[in-house]
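Read through the structure below, which is laid out as structure tokens, and then see the notes.
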Amino acid sequence: MPILEKVYNSTIIVSMKKFIIALTLLLSFAGTAFAANDFSTASVSIGFALPQFYNLRPADNNIDYERHSAFALNFALRGVVGLPFGLYLDGNLYVPYSHKITMGDVEYRYDLSNVRVIGIEGQLGLYSVLLNTGRFGLPFGAGLHLNYQDTDYKNPSVSEPSSQSVFSLGAGAWINAEFQLTEKVAIYGGLRLSYDFWQRQKTETKVSSNATKVNTSTGMSSMLVVIPMFGAVIRF
């Protein structure tokens with residue numbers, strides 16, 4: 001049995017959801033204590049990321065889980081707003097390059113050459129600084145996670161949608177390791193984890209040359225998002 005097939009077990013999924021929410025609340029409260037020790041009152045980050053999306057509750061019950069791997073442009077805003085805590089916005093504009101599903105011991109890889117997929121996701125919340133030596137820092141934060149993904153099929157047929165969009169909502173946390181090159185410039189490497197537990201999906205299917213069938217559904221989801229990221233920080 002594959003390792004991630006065990007994760008798909010509903011009990012483990014519920015436990016993961018509770019852990020992420022508890023961690024988010026804990027870090028949010030902790031954010032009121034330390035953010036004033038950040039390197040500066042405001043900063044902007046830009047870099048690259050490699051988001052990994054694990055759908056642990058696919059619509060097809062025959063699928064154990066599915067995974068999207070993507071390239072992304074990472075951007076972030078961070079600042080202390082006159083109170084002893086900081087606010088952050090961290091996002092990624094991403095393009096998936098790999099789509100795989102696992103059914104038992106078999107893995108299937110989808111050809112994305114006839115599909116255009118683009119998405120944007122991000123976290124918004126509170127942050128604090130675990131360590132600041134003057135040259136090296138460990139900021140961390142937690143908050144609300146949002147994700148939007150849009151898919152267009154270049155060669156749609158009767159049996160597949162011509163377009164599909166998914167919006168999902170969850171919570172998550174992140175941590176960075178930052179090294180100051182100068183007073184105003186630093187480099188960073190970090191990891192962000194999110195868990196989305198609700199989604200809205202809209203599918204448009206061509207039924208004729210002048211008619212499109214639209215289907216919209218909402219409900220609970222189980223999407224784990226793991227994002228390693230790296231880049232540069234400019235401080236103000």
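The values are calculated or read from the model by the stated rules, or taken from the named source; none is laboratory data. None of the values given here were measured: they were computed from a predicted structure. Heads up, the Cβs are rebuilt from the backbone with ideal geometry, glycines too, and the neighbour counts pull from every protein chain shown. The area values use the complete protein model at the heavy-atom level, side chains included, leaving out ligands, DNA and RNA. Shrake-Rupley method; radii C 1.70, N 1.55, O 1.52, S 1.80 Å.
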With DSSP loop assignment and no more than 14 other C-beta atoms within 10 Å, the trypsin sites (Lys or Arg not before Pro) in the stretch 123-208 are ARG135, LYS154, LYS184
Note: ASP152 to VAL115 extended length (0.36 nm per residue) minus current alpha-carbon separation gives 12.7 nm
Each label sits 7 Å from Cα toward the beta-carbon; between SER209 and VAL95 the label points are separated, in nm, by 3.3
Hey, got a sec? Which GluC sites (Glu not before Pro) in the stretch 166-223 land in a DSSP loop and have at most 12 other Cβ atoms within 10 Å?
GLU183
Taking K and R as +1 and D and E as -1, what net charge do the other residues with C-beta under 9 Å from the C-beta of VAL117 add up to?
-1
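Given R₀ = 22 Å, what would the calculated FRET efficiency be for GLN52 paired with ILE187, taking r from the Cβ atoms and rounding to 0.05?
About 0.45, to the nearest 0.05.
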The stretch 59-193: relative contact order in percent, alpha carbon pairs under 8 Å with at least 6 residues between:
18
For the residue pair TRP198 and ASN61, what label-to-label distance in nm results when each label sits 7 Å from Cα along the Cα-to-beta-carbon direction?
2.6
Starting from the Cα of MET220, step 7 Å along the direction of its Cβ; do the same at ALA232; then give the gap between the two resulting points in nm.
4.6
Leaving ligands, DNA and RNA out of it, work out the accessible area of LYS100 with a 1.4 Å probe and give it in Å² to the nearest 10.
60
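Restrict the search to the stretch 108-216; then list the chymotrypsin sites (Phe, Trp or Tyr not before Pro) that DSSP places in a loop and that have at most 14 other Cβ atoms within 10 Å of their Cβ. Walk me through the numbers before you get to the answer.
Numbers: sites: TYR108, TYR110, TYR127, PHE136, PHE140, TYR148, TYR153, PHE167, TRP174, PHE179, TYR188, TYR195, PHE197, TRP198; in loops: TYR110.
Counting only loop positions with at most 14 other Cβ atoms within 10 Å, the chymotrypsin sites (Phe, Trp or Tyr not before Pro) in the stretch 108-216 are TYR110.
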